[in-house]
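Asks: Submitted below is the structure of interest, expressed as structure tokens.
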Amino acid sequence: MPNSSSDLARKLEFGISTFADVMPDPHTGKTISQAERIRQVVDDIVLADELGIDFYGVGEHHRPDFAASAPAIILAAAAAKTKHITLGTAVTVLSTSDPIRVYQNFATIDAISKGRAELLVGRGAFTETFPLFGFDLDQYDLLFDERLDLLLKARDHEYVTWSGKTRSSIDNLGIYPRTEKPLDISLALGGSRSTVIKAGKLGLPAVLAMLGGNIADFGHYATLYRYAAQESGHDPDTLKFSIQAHGFVLNDSKETAETFFPYIQLYRNHLLADRGFPPYTRGDFDEARSPEKGLFVGSPQEVANKILQLRKQLGIDRFIIQMPIATMPHEIVKEAIQVYATEVIPLVKRLLR
């Protein structure tokens, strides 16, 4: 496990992510509009920037319960209102996106933000984009592999020549606008060993989703990623390895749990019931937020201790907390962002020192 003094001396960054959830409030049954939720996300990014948080990511979904079907536009709006925070996706569903347009969108965000754009690409957690945009689900892996190859060529070369099976060929055509420095592109990792190995072989930064489970059990992904990178001639010490996890934090542990549980219960039951998962109980929740588990819900001290475990056991370079889960009252969300920025992050930094 990465736990040497040199590992701990590397900078640790902190981020937030969202899918712009739009779900009924479990207490009132009311649902805000998707437009209002999008405006809230922009406000949250501005607040995170003012508080000194390093990164904010907006995920892509095309369902009625998430408003962020066009993350690039949300990030562009935030880019014009912020000064320091890195702006990225979490994730862009590359399999069903045109990689040239993706590059152009994020090169534009990079220009507006003066170099603060990042692109996280993956296959996505759901498959609704395949029928929506007219792609064949049987080409699931081929679509992603070809589009990633073309995206990297667009990043690295002004003029691109490319051919494949899932898109028309390109013969020495220019891709514009160009970024002032190479666009930061990371690969999203789920539970697939092949994707972990691909990220390492390509020398791409990686973001691993930790959606529960034991923190220690995720160590083999970090080890495999760094081994694949080294075997392919890349220096693992120069590659950013991040964790994205569900979480929520207020100043008091009990208050955090009582506030958050109804929302994550609704979220889990709403999204996972049709996948055969049993109802999510309070016992499940309390177990998942225990010290060794991967749900980052609790007091600043509790959440900070878990982030420190990730740093010591996986050698992470960035921790991204996905919050809120479901649609929580916006004032509570802003309070959680404030606590994360002013209590959790300084505490982790002190513990690392």
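Asks: Check cross-link reach from LYS11 to the aspartates and glutamates: straight Cα distance under 16 Å, and skip same-chain residues fewer than eight apart.
Replies: Straight-line reach from LYS11, under 16 Å: ASP54, ASP237, ASP317.
Asks: Continuing with the same structure: Search the structure for amide H atoms under 5 Å from the amide H of LYS240, placed 1.01 Å from N in the peptide plane, and list their residues when 5 or more places away or on another chain.
Replies: Here ALA206 satisfy the definition.
Asks: Along the charge dipole of the chain, Cβ charges K/R +1 and D/E -1, which of LEU143, ALA288, GLN309 sits furthest on the positive end?
Replies: GLN309
Asks: Which length gain, in nm to one decimal place, applies between HIS157 and THR281 when the Cα-Cα distance is subtracted from 0.36 nm times their residue separation?
Replies: Separation in residues times 0.36 nm, less the Cα-Cα distance, equals 39.5 nm.
Asks: Between PHE248 and residues 5 or more places away or on another chain, which pairs have amide H atoms under 5 Å apart, with H built 1.01 Å from N, and which residues are they?
Replies: Result for PHE248 returns PHE296, VAL297, GLY298.
Asks: List the pairs from LYS201/LYS306; LYS83/LYS181; LYS254/LYS293; LYS81/LYS306; LYS83/LYS312; LYS153/LYS181 whose alpha-carbon separation is above 21 Å, in the order I gave them.
Replies: Checking Cα-Cα distances, LYS201/LYS306; LYS81/LYS306; LYS83/LYS312 exceed 21 Å.
Asks: Based on DSSP H runs of at least 4 residues, each adding -39500 (n - 2.57), what is the mean residue ellipticity at 222 nm of the chain after dividing by all its residues, to the nearest 500 deg cm²/dmol?
Replies: The helix-only estimate for the chain comes to -13000 deg cm²/dmol at 222 nm.
Asks: Starting from the Cα of THR342, step 7 Å toward the Cβ, then list every residue of the stretch 29-63 with an amide N under 18 Å from that point.
Replies: Taking a point 7 Å out along Cα→Cβ of THR342, the residues of the stretch 29-63 whose backbone N falls under 18 Å are 44-54.
Asks: Have a look at ARG289, ARG63, ARG123 and tell me which one the Gaussian network model of the chain (Cα, springs below 10 Å) gives the largest fluctuation.
Replies: Highest fluctuation of the listed residues: ARG63.
Asks: Extension gain ALA125-LYS349, at 0.36 nm per residue separation less the Cα-Cα distance, in nm?
Replies: Contour length minus the Cα-Cα distance gives 77.4 nm.
Asks: Go through the stretch 321-326 residue by residue and turn each phi into a ³J(HN,Hα) via Karplus (6.51, -1.76, 1.60, θ = phi - 60°); whole Hz please, and just put x for glycine and proline.
Replies: Rounded to whole hertz, the list is 9, 8, 7, x, 9, 6.
Asks: Among GLY219, GLY315, GLY124, which one shows the highest mean-square fluctuation when the chain is modelled as a Gaussian network with alpha-carbon springs under 10 Å?
Replies: GLY219
Asks: Across every pair of different alpha-carbon atoms, what Kirkwood hydrodynamic radius in Å does the chain reach?
Replies: 20.7 Å
Asks: If the only charges are +1 at each Lys and Arg Cβ and -1 at each Asp and Glu Cβ, what is the size of the charge dipole of the chain around the Cα centre, to the nearest 20 debye?
Replies: 560 debye
Readers should treat all values here as calculations from the given coordinates under stated rules, not as data from a laboratory. Everything quoted here is computed from the prediction, not taken from an experiment. Here the Cβ is made from the backbone with ideal geometry for all residues, glycine too, and neighbour counts use every protein chain on show.
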